[in-house]
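Any read-out appearing in this document is the output of simple, stated calculations on the displayed coordinates, not a laboratory observation. Predicted model only: the values in this text are computed from it and were never measured. Cβ placement follows ideal geometry from the backbone for every residue including glycine, while neighbour counts extend to all protein chains displayed.
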Amino acid sequence: NASSIEEPIKPTFHVDHTQLLIDGKFVDSASGKTFPTLDPRNGQVIAHVSEGQHEDVDRAVAAARKAFDHGPWPKMTAYERQRILLRAADLLEKHNNELATLETWDNGKPYEQAAEIEVPMLTRLIRYYAGWADKIHGLTVPADGPHQVHTLHEPIGVAGQIIPWNFPLLMFGWKVGPALACGNTIVLKTSEQTPLSALYAAKLFHEAGLPPGVLNIVSGFGPIAGAALASHMDVDKIAFTGSTATGKIILELAAKSNLKAATLELGGKSPFIVCEDADVDQAVELAHFALFFNQGQCCCAGSRTFVHESVYDEFVEKAKARALKRVVGDPFKSGVEQGPQIDSKQFEKILKYINSGVENGATLEAGGEKIGNKGFYIQPTVFSNVQDEMLIAKDEIFGPVQTILKFKEIDEVIRRANNSRFGLAAGIFTKSIDTANTLTRALRVGSVWVNCYDVFDATIPFGGYKMSGQGREKGEYSLKNYLQVKAVVTPL
Ligand code: NAD
């Protein structure tokens, strides 16, 4: 575990795309305002990015409306749309390393993770939804009476999309893939912490032949550009990924404006349950991955590690040893498992949670400190003897802090795992199919991983129960978010 971090490696890459993307062109914000996007390794400015204001959102929505009402996109054949999306996927693949560089620079995630997992997953996702473009169709309905009835599945119109900073490119793909396949036009607002990679990716979609106005990107701040988009009277749908607190605001803005449809992918505090029959070494490794992946900044992080009392002590010892071995360092360096946290605000928040864990009487087994004096690095931290009512067991910390809780009975762990306002995901580690089935049915969460964790694919739906969200993204389920159903009735 590094106690200091070396000088950051300088990417040999020039950041060219920092303006807003409206109607197929990169343009300044009307006010000329910019904001700095920072390198989490040292807090220094990577680039100044155009800051979208209310009037810029208006311009972007007008472009998207024009492209929807008069442009070729919703009207072209599904096969033509599919071919453009497939060309875009080819370009994303070709520019894998540039995209991964921007992602790591802006976000701080390990470059190998961005280059080998995330950008390829984005490419896969766009190909998957390209495949759907010509497979979206309605039904014939056997109505009672002398009528022929069928349904048309039509695009919803202008989709507003707001994404977070933890997986900027994947969140971009989860949103634009299905919306474009269904023939919608888009205004997407990136997170103010990570505006760069989506601008680059959107440029590639235009190179692939996407007509102007179909995909507009507005960088900017949540309460300004985000709120303008969510409350816009000419936006037909809002898809949001971010915190539960902001999700509530989005839903309120959508309701108070034009009652636009809303999909929400929100926070979590997911249980990872290690049963008495589990292989402890495998469970330790998987629980470590479930929590620490992406610096602990995953909505579905397995952030409550419940361990059966019979293997608890052994598990804690091994979890501690694994955390102490975790390689923290410059995310551009090969072999690094953990980079810095996204920014000073998150960094301070995580350190406060660590303090609260110590003050509330949990046992600090490993880590607990910041690393070095530059950037936002935090030691991989493990707490044992965590009780359900402690803040570290209830709140979404969104950092590299594993909390290990002890349980005795399956009924007890079901009750405790479900005793959360969140319901995003769960991990179950057991050799017994009966135990796995019992837990799977009882847990009120949108994803269950049995003897695995964080397995994602374009085909697998994702979303939350309870305050973790509304609706599902990915897979066939996501198409519903971007389609209207028209019933057509004709006398026989
Ligand atoms: P956040 O809610 O602070 O911000 C998310 C986005 O919303 C950003 O683009 C931000 O600018 C915008 N925003 C903020 N305030 C707004 C407002 N008043 N009106 C409109 N837009 C506004 O979340 P974050 O810190 O960027 O991301 C972390 C959160 O996202 C965590 O809670 C995490 O669990 C969640 N998340 C969920 C999923 C999922 O699929 N369920 C995936 C990734 C992240």
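Things to note:
- Using the Cβ-Cβ distance between ASN451 and GLN148 with R0 = 45 Å, the FRET efficiency computed as 1/(1 + (r/R0)^6) comes to roughly 0.35.
- Which listed pairs, of LYS248/LYS374; LYS66/LYS480; LYS109/LYS406; LYS256/LYS394, have C-alpha distances above 29 Å, in listed order: LYS248/LYS374; LYS109/LYS406; LYS256/LYS394
- Alpha-carbon Rg with Dmax, taken over the range 37-163, Å: 20.4, 72
- Checking the Cα-Cα distances for LYS10/LYS333; LYS135/LYS486; LYS175/LYS203; LYS333/LYS370; LYS318/LYS345 against a 21 Å cut-off, the pairs over it are LYS318/LYS345.
- The range 146-260, relative contact order [Cα under 8 Å, separation at least 6], %: 31 percent
- C-alpha long axis of helix 244-256 to longest principal axis of the chain, angle in °: 20 degrees
- Note on LYS431 and ILE460: the extension gain reaches 8.1 nm, defined as 0.36 nm multiplied by sequence separation minus the Cα-Cα distance.
- Rounded to whole Hz, the Karplus (6.51, -1.76, 1.60) HN-Hα couplings of the range 73-86, x for glycine and proline: 4, x, 9, 5, 5, 4, 5, 5, 4, 4, 5, 5, 5, 5
- Stretchable slack from THR140 to SER356, in nm (0.36 nm times residue separation minus alpha-carbon distance): 71.8 nm
- Here the 3J(HN,Hα) profile of the range 332-338, calculated from phi with Karplus coefficients 6.51, -1.76 and 1.60 at θ = phi - 60°, is 7, 7, 5, x, 6, 8, 9 Hz, Gly and Pro shown as x.
- Gain in span if fully extended, ALA245 to GLU116, counting 0.36 nm per residue against the direct Cα distance: 43.2 nm
- Taking other Cβ atoms within 10 Å as a rough exposure proxy, LEU102, LEU92, LEU405 sort from fewest to most as LEU405, LEU92, LEU102.
- Rounded to 10°, Cα long-axis angle of helix 312-325 versus longest principal axis of the chain: 70 degrees
- With R₀ fixed at 41 Å, the C-beta to C-beta distance from GLU409 to ASP58 puts the FRET efficiency at about 0.10.
- Between helix 168-181 and the chain: long-axis angle, C-alpha atoms, 0 to 90°, nearest 10: 30 degrees
- Coarse-grained scattering of the chain at q = 0.06, 0.09, 0.11 Å⁻¹, given as base-10 log I(q)/I(0) from a Debye sum over alpha-carbon atoms: -0.28, -0.62, -0.91
- Mean Cα-pair separation over length for the range 242-352, i.e. relative contact order, pairs under 8 Å, 6 or more apart, %: 22 percent
- Normalised contact order of the chain, rounded percent, pairs of Cα under 8 Å and 6 or more residues apart: 19 percent
- Highest average first, the peptides 329-341, 350-362, 176-188 ordered by how many other beta carbon atoms sit within 10 Å of their residues are 176-188, 329-341, 350-362.
- Estimated from the Cβ-Cβ distance and a Förster radius of 45 angstrom, the FRET efficiency linking LYS486 and GLU285 is about 0.35.
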